[in-house]
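First up is the structure itself, then whatever we jot down about it.
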Amino acid sequence: MPFSYDYNQSLGYLTGIASRLLNNTLATRFKAAGIDMTPEQWGAIIILLNEGAMTQGQLGDQLLLEKSSVSRLADALERRGWIERTIDPNDSRQRPVTPTQNALDMAVRCASIASTIHEEVQHGIDKA
């Protein structure tokens, strides 16, 4: 007896495919522009620029990532000079991550690319 649920038409499946396609498009456009940044790194940078310094745990909550993934992401961002880890003066166990001027400079270039993609994928879709 065939099962009547068609996962190819499910919202979860379709949004997952759309997410991967958008990430791949963003990565391709960044690379073509000579920008060595992944979509995941872009997501972290834009959150930090918009929200300000936060702990890796808070960043992970925003990105819906596990601690180990956030740690690897923060390490990569720090190596590229896009974040700094500081010591919280109120709690030395906390090491907030802060975006650097390099991150801001890179974000200007990345935002233009991301905005173009955003406009392209919404072309023909009614705002309502």
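The values are calculated or read from the model by the stated rules, or taken from the named source; none is laboratory data. Fair warning: this is a prediction, and the values are worked out from it, not measured in the lab. For neighbour counting, all protein chains shown are included, and Cβ atoms are generated from backbone atoms with ideal geometry for every residue, glycine included. Side chains are part of the model used for accessible areas, which takes the heavy atoms of the whole protein and leaves out ligands, DNA and RNA. Shrake-Rupley method; radii C 1.70, N 1.55, O 1.52, S 1.80 Å.
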What residues qualify as long-range amide H neighbours of MET54, i.e. H under 5 Å apart, gap of 5 or more or another chain, H built at 1.01 Å from N?
VAL97
Relative to the present Cα-Cα distance, how much length would full extension add between ILE17 and ARG72 at 0.36 nm per residue of separation?
17.3 nm
Which angle between 0 and 90 degrees, to the nearest 10, do you get for helix 67-79 versus the longest principal axis of the chain when only C-alpha atoms count?
60
Local electrostatic count, SER68, Cβ distance below 14 Å [Lys/Arg +1, Asp/Glu -1]
-1
Taking protein heavy atoms only, a 1.4 Å probe, and rounding to whole percent, the accessible area of the stretch 22-65 owed to carbon and sulfur comes out at 49
Calculated FRET efficiency, ASN8 and GLU120, Cβ-Cβ r, R0 25 Å, to nearest 0.05?
0.55
Mind listing P(r) for the chain? All alpha-carbon pairs, 5 Å bins, whole percents.
2, 9, 17, 18, 17, 13, 8, 7, 4, 2, 1, 0, 0
How long are the semi-axes of the ellipsoid equivalent to the stretch 34-109, from square roots of 5 times the Cα gyration tensor eigenvalues, in whole Å, largest first?
19, 14, 11
Accessible area expressed per residue, the chain, with surrounding protein chains retained (probe 1.4 Å, Å²)
70
In order through the stretch 54-60: 3J(HN,Hα) via Karplus (6.51 cos²θ - 1.76 cosθ + 1.60), integer Hz, x for Gly, Pro:
7, 6, 4, x, 5, 4, x
If you build a Gaussian network model of the chain, linking Cα atoms that sit under 10 Å apart, which residue out of GLU66, GLU78, GLU40 swings the most?
GLU66
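Quickly estimate the mean residue ellipticity at 222 nm for the chain, helices only: each DSSP H run with n ≥ 4 gives -39500 (n - 2.57), and the total goes over all residues, rounded to 500.
Counting only the DSSP helices, I get -20000 deg cm²/dmol.
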